[in-house]
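A quick write-up on the structure given underneath.
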Amino acid sequence: MNSALDLDHYFRRIGYDGSRAPTLETLRAIHLLHPQAIPFENLDPLLKRPVRLDHASLQGKLVDAGRGGYCFEQNLLFRHVLTALGFRPKGLAARVVWMMPASEGTPPRSHMILLLEVDGDPYIADVGFGGVTLTAPLRLQAGVEQATPHGPMRIVEAAGDFLLEAKIRNEWTPVYSFDLREQYPVDYEITNWYHSTCPDSQFVSNLVAARPAPGCRHALRNNLLTSYFQDGRVERRLLHSAAELKDVLENVFGIALPDVPNLMPTLARLTEPVEAKRAASS
């Protein structure tokens, strides 16, 4: 199953040199390091490049090429790593409700997460959500606040499903709902195709990147960089040129950018004033 996975290179990529025993300590260590080293990003859909989910493509992009990816890429790679270590993770699907008004109705199952058992207890793992991605596995125990390196999280029961919530400024904010029905590669391939190719997908028309760092989370949407610090500070910076945006992608998010001809024109378009963008599309 993991013939394409170079585990040694993966561990060098995330900066891990600890035990490879399938223990909770190992899981927690690599769950923290992975999203800090391999950022969430959607450059390929934005640049009209395919997003492939096979083992070799995940290894080649996220590990060998120094890129990041979105949920299917991140959590499928993490699943291969966990399997190689002796865990037995399975894939689930979640409905994202983060920052979504209740009036918008029921969202689709568009996000991938992992379920695995450690020492007889079930845990949720997710290294690919983006702005509030987990930096620690969560025990699947409803109603209990759980500490993570980037703030408290909890899982609650809601309408027969589970709901992940993040504690933001002392208030619990819903992130996504999920059940325990196992998902298969074909399920992710279909949703991945939509996210990476459909004109209605936010990943096709917007630049999104996120990376947790010690003491803060960095988030980028188009040309707005926001850093959320654990002491409550929030810093925002508007990027005014393709060069600025390229610098942030490389040095804040740690992305080795693809060498493609449409990269800089695409970044330049994202930094145009709103009026210019409207004129270009009319």
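Return the tail of the calculated pair distribution for segment 1-144, meaning the percent of Cα-Cα pairs more than 27 Å apart. Summing the P(r) tail past 27 Å for segment 1-144 gives 20 percent. Calculated mean residue ellipticity at 222 nm for the chain: -8500 deg cm²/dmol, from DSSP H runs with n ≥ 4 weighted as -39500 (n - 2.57), summed, divided by the residue count and rounded to 500. Per residue, the accessible area of segment 138-246 comes to 54 Å², computed with a 1.4 Å probe over protein heavy atoms only. Among PRO174, PRO39, PRO137, the residue with the largest mean-square fluctuation in a Gaussian network model of the chain, with springs joining Cα atoms closer than 10 Å, is PRO174. In a simple Cβ point-charge model (Lys, Arg +1; Asp, Glu -1; nothing else charged), segment 176-282 has a dipole of about 380 debye relative to its Cα centre.
Over all other residues within a Cβ to Cβ distance under 14 Å of MET153, the charged ones net out to +1, with Lys and Arg as +1 and Asp and Glu as -1. Projecting the Cα atoms of GLY91, HIS31, GLY18 onto the charge dipole of segment 16-118 (Cβ charges, centred on the Cα centre) puts GLY91 farthest toward the positive pole. When the chain is treated as a GNM with alpha-carbon contacts under 10 Å, the residue of LEU134, LEU76, LEU180 showing the greatest mean-square fluctuation is LEU180. With the cut-off at under 19 Å, measuring from each backbone N in segment 82-109 to a point 7 Å along the Cα-to-Cβ line of ARG169 picks out 98-102. Both the radius of gyration and Dmax for segment 1-80 are 12.5, 40 Å, in that order, over alpha-carbon atoms. Computed over segment 157-282, the quotient of the alpha carbon radius of gyration and 2.2 N^0.38 Å is 1.30.
Around LEU24, what is the net charge, scoring Lys/Arg as +1 and Asp/Glu as -1 over all other residues with Cβ under 13 Å from its Cβ?
Details: positive: ARG28, ARG139; negative: GLU25, GLU117, ASP119, ASP121.
Its environment carries a net charge of -2.
Between ALA142 and ARG12, the FRET efficiency from the beta-carbon distance, with R0 = 41 Å, is close to 0.65. Computed about its Cα centre, the charge dipole of segment 1-150 is approximately 340 debye, with only Lys, Arg, Asp and Glu carrying charge at their Cβ.
Among the trypsin sites (Lys or Arg not before Pro) within segment 135-201, those in coil by DSSP and having at most 15 neighbouring Cβ atoms inside 10 Å are ARG169, ARG181. Result for the chain in a Gaussian network model with C-alpha springs under 10 Å: among VAL234, VAL204, VAL156, the largest mean-square fluctuation is at VAL234.
Annotation: ASP64 carries an accessible surface of approximately 80 Å², with a 1.4 Å probe and no ligand, DNA or RNA atoms counted. Simple spin-label estimate for ARG221 and ALA243 gives 2.8 nm between the two label positions (7 Å along the Cα-to-Cβ direction from each Cα).
Computed over protein heavy atoms with a 1.4 Å probe, the carbon and sulfur contribution to the accessible area of the chain reaches 52%. Scanning the chain for GluC sites (Glu not before Pro) in DSSP loops with at most 14 other Cβ atoms within 10 Å, what's the longest stretch left with none? Free of exposed loop sites, the longest segment is 1-144.
The values are calculated or read from the model by the stated rules, or taken from the named source; none is laboratory data. These figures come from a predicted structure and were not determined experimentally. Cβ coordinates were reconstructed from backbone atoms using ideal geometry, including for glycine residues, and neighbour counts include every protein chain displayed. The protein model used for the area step is the full one, side chains on, heavy atoms only, and it has no ligands, DNA or RNA in it. Shrake-Rupley method; radii C 1.70, N 1.55, O 1.52, S 1.80 Å.
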